[in-house]
Amino acid sequence: FGSAGRRFVLRGAAPSSNAPNLGFTGERGAMYSRADVSAPLNSSPAVEGGRTPTLAALVRSPFWQSPFKASWADTPSRQSTSGSTVASESDMRLPPPWSPDPSEFGDRRLARVQEQRGWKYFCKHTLMAPLAFAVGLMLGAALSAWMFIGLGLGAARASPDILPPATESKAPYAAVLPPTMVPAAYMAAQPLNNSCLIKNLVIPDGPQTFDACGFVIKSTDEVWNLRGDVDAAIDKYFHEEYLDAGSWGRRIIGKKALRDAVLGEMRAFPDIKIHITDCVCKGNDNDGYKCAMPDVLTGTNSGPSSYGPPTGRFARWTGLVESLVKRNPATGQWQYYAEWGVHDEWSLIQQLGLDFSRVPRPAINDEPLHDCSPLLRFTPAPVMDKDDLRDQERHAAAKSAV
């Protein structure tokens with residue numbers, strides 16, 4: 001039957017008496033002359049190559065290609081013929097039976113086992129996963145190292161003066177036990193008696209209305225800690241002939257030299273802070289006050305300093321400053337006339353990681369010995385010790401000559 005209910009009849013030769021009556025006539029009806037439609041056609045070869053496909057052939061065949069293509073897959077069917085729409089002989093056929101070739105299957109299996117025992121198979125299949133994992137680890141480590149090095153170089157470019165620590169980390173010296181008795185060498189050394197200093201520490205009587213410790217704390221904050229007008233604070237709180245005695249016997253005389261030292265320290269340690277731990281002052285409003293201020297300094301060395309190039313290291317060091325505070329008769333402003341400050345610069349240099357042999361410094365500490373004479377003596381007016389007084393007189397003479 002065709003579309004729209006039309007009936008088509010194929011006319012041709014009469015079917016064989018042994019053919020099943022399927023209602024078809026014509027030449028194509030002769031292909032049903034067999035009682036068993038699964039029997040292979042006499043006109044078609046059994047399989048490609050004249051034998052049943054083996055298991056090895058089936059295994060080697062791609063999934064889109066059948067091993068039976070020579071026997072039935074390539075036979076024209078009604079799907080592949082444009083001349084008719086009726087069922088063809090190939091449409092009614094079944095694939096021929098097949099059975100594996102034992103000899104070929106055994107050879108194939110033996111070859112497969114031999115291949116798996118070879119070094120090529122081991123490298124390709126067994127070693128591939130751990131090798132890929134190891135390569136991934138190495139690539140990850142290399143990438144991480146590259147990132148860290150890149151960050152370090154970027155920081156170095158941002159601060160080209162920052163250098164790595166020059167000192168090597170070595171094991172500390174072995175500790176020794178304390179002696180069980182006073183060493184004989186100590187007892188044989190020359191003695192020293194500082195009692196001669198006591199009589200020179202007398203403070204004359206006078207009014208004491210000025211808060212000297214408050215002045216010390218406030219002036220220190222305005223110059224160092226508050227990040228305000230540093231130049232105005234220096235000009236306000238320091239006398240024109242200010243004298244400063246520091247470590248290794250170094251001296252700073254004059255307000256300009258003081259300003260240079262302060263700004264240099266701020267460049268070396270931009271985040272510097274002076275933590276005042278205590279304060280004590282003795283004196284009077286007429287003659288002035290002697291004040292002692294222990295402190296702890298903190299800061300990060302991100303700029304060049306008087307010790308060397310910047311290291312980028314944070315440091316904390318301690319010290320003590322003794323100050324002479326007097327009222328300036330010309331302006332009426334209380335000011336620092338002199339300071340003697342000693343800080344643990346050895347600890348600072350160690351923390352910065354600098355090579356101590358390259359740090360600029362005097363060959364020896366030439367701070368004079370002030371036996372029996374205080375740094376500042378009230379007689380009744382305050383007078384500095386002879387060595388500092390001599391330095392100040394030389395500075396005044398050089399200034400007047402200019």
Output ³J(HN,Hα) for the range 351-362: one whole-Hz value per residue in order, computed from phi by the Karplus curve 6.51 cos²θ - 1.76 cosθ + 1.60 with θ = phi - 60°, and x for Gly and Pro. 5, 6, x, 7, 6, 4, 5, 9, 6, x, 6, x
The range 222-380, Rg to Rh (Cα coordinates; Rh as Kirkwood inverse mean 1/r): 0.97
Principal axes first, then extents: for the Cα atoms of the range 336-390, list largest minus smallest coordinate on each axis, whole Å, largest first. 47, 22, 17
Long-range amide H partners of Tyr307 with built H, under 5 Å: none
Please report the net charge: other residues with Cβ closer than 9 Å to the Cβ of Cys291, K and R +1, D and E -1. +1
Based solely on C-alpha atoms, express the radius of gyration and the Dmax of the range 160-314 in angstrom. 21.4, 58
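Given R₀ = 45 Å, FRET efficiency for Ala185-Leu143 by Cβ-Cβ distance, to 0.05? Present the calculation step by step, with values, prior to reporting the outcome.
On the way: r = 62 Å, r/R0 = 1.39.
After rounding, the FRET efficiency stands at 0.10.
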Theoretical FRET efficiency, 1/(1+(r/R0)^6), r = Cβ-Cβ of Leu389 and Ser195, R0 22 Å, to 0.05: 0.40
Taking H placed 1.01 Å from N in the peptide plane, check which residues at least 5 places from Phe238 or on another chain put their amide H under 5 Å from its amide H. Tyr336
Within the accessible area of the range 301-365, what % is carbon and sulfur when the probe is 1.4 Å and the other protein chains stay in place? 53
Over the range 178-245, equivalent-ellipsoid semi-axes from the Cα gyration tensor in Å: 42, 21, 13
Long-range amide H partners of Val383, meaning residues 5 or more apart or on another chain whose placed amide H is closer than 5 Å, are Arg377, Phe378
Which order do the peptides 184-190, 196-202, 299-305 come out in when sorted by mean C-beta neighbours inside 10 angstrom, highest first? 299-305, 196-202, 184-190
Across the range 275-350, what fraction of all alpha-carbon pairs, as a whole percent, falls in each successive 10 Å bin from zero upward? 17, 36, 26, 17, 4
A 18 angstrom limit on the alpha carbon distance is what I want to check against. Which of Lys290/Lys399; Lys199/Lys326; Lys282/Lys326; Lys218/Lys290 exceed it? Lys290/Lys399; Lys199/Lys326
What are the semi-axes of the equivalent ellipsoid of the range 293-402, taken as the square roots of 5 times the eigenvalues of the Cα gyration tensor, listed largest first and rounded to whole Å? 32, 18, 16
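The values are calculated or read from the model by the stated rules, or taken from the named source; none is laboratory data. Here the structure is a predicted model, which means the values were calculated and not measured. Reconstructed Cβ throughout: ideal geometry from the backbone, glycine too, with neighbour counts over all protein chains shown. Ligands, DNA and RNA are stripped out before the accessible areas are found, and what is left, the full protein with its side chains, is counted by its heavy atoms. Shrake-Rupley method; radii C 1.70, N 1.55, O 1.52, S 1.80 Å.
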